[in-house]
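Working notes, structure below.
We did not get these values from a lab; they are worked out from the coordinates using the rules stated. Note that the structure is a prediction, hence the values are computed from the model and not measured. Here the Cβ positions follow ideal geometry from the backbone for every residue, glycine too, while neighbour counts run over all protein chains shown.
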Amino acid sequence: MNSAFLSTFFALLVSCSIAFAGDTTKAVAVLHPTTGSNVAGTVTFTMASDQIKVVADITGLTPGKHGFHIHEFGDCSAPDAKSAGGHFNPTNHQHGAPDAADRHAGDLGNIEADASGKAHLELTDKAMKLSGSDSIVGHAVIVHEKADDLKTQPTGDAGGRVACGVIGIAKP
Ligand SMILES: [Cu+2]
């Protein structure tokens, strides 16, 4: 190997590490109840190689399934959280299940509450990103009144919004 090749190689290495140094590796959303709801909780998003691990703990739900999505705007200011807009869908897909090829980036399916109204969810996801133009940071997590049927366009027929939280950058 000649020295010109080596110096080019190291210059590339340095520029790569600079490009990745600022990438977000963990994000968090603290969910607050909408008007008339008691639903609250925390959702974390952590990078694990090429996937995002999602961990959610939510309380105050009615027992059963509830639609669980990332919505377009990081704005929970409206009493019914409609200010968060529709599903986060930067790649213009149809609504679907989290494991479907055709789905919104924000389609996380359902969370299921037990008889005491508590839900715990852990999943890994390849469609969401924590960095770049399609990053979920700055958007919002919404929990719905009803189950997402994973097929009705574009909402999954999940009804009203019972909790909303803006996704922010967390300490790694
Ligand atoms: Cu939703």
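Working ranking of peptides 122-134, 59-71 by packing, defined as the average number of other Cβ atoms within 10 Å per residue, highest first, is 59-71, 122-134.
Beyond 21 Å in Cα-Cα separation lie the following of the pairs 129/171; 26/126; 26/151: 26/151. Estimated from the Cβ-Cβ distance and a Förster radius of 22 angstrom, the FRET efficiency linking residue 116 and residue 35 is about 0.45.
Charge dipole of the chain (Cα centre as origin; +1 on each Lys and Arg Cβ, -1 on each Asp and Glu Cβ, all else neutral): 320 debye, rounded to the nearest 20. Helix 3-21: angle to the longest alpha-carbon principal axis of the chain, degrees 0 to 90, nearest 10? The angle comes out near 20 degrees. Farthest toward the positive end of the dipole of the chain, out of 38, 95, 144, is the Cα of 38, where the dipole comes from beta carbon charges about the Cα centre.
Mean residue ellipticity at 222 nm, helices only, the chain: -4000 deg cm²/dmol; runs of at least 4 DSSP H residues each add -39,500 (n - 2.57), and the sum is divided by the number of residues.
Each 5 Å bin from 0 upward holds the following percent of the Cα-Cα pairs of segment 24-169: 2, 11, 22, 26, 23, 12, 4, 0.
Within straight-line reach of residue 53, meaning a Cα separation under 12 Å, sit the following aspartates and glutamates at least 8 residues removed in sequence or on another chain: 122, 125.
Here r is the Cβ-Cβ distance between residue 171 and residue 92 and R0 is 30 Å; the resulting FRET efficiency, rounded to 0.05, is 0.35. Mean sequence separation of contacting Cα pairs (under 8 Å, at least six apart), scaled by the length of the chain, corresponds to a relative contact order of 29 percent.
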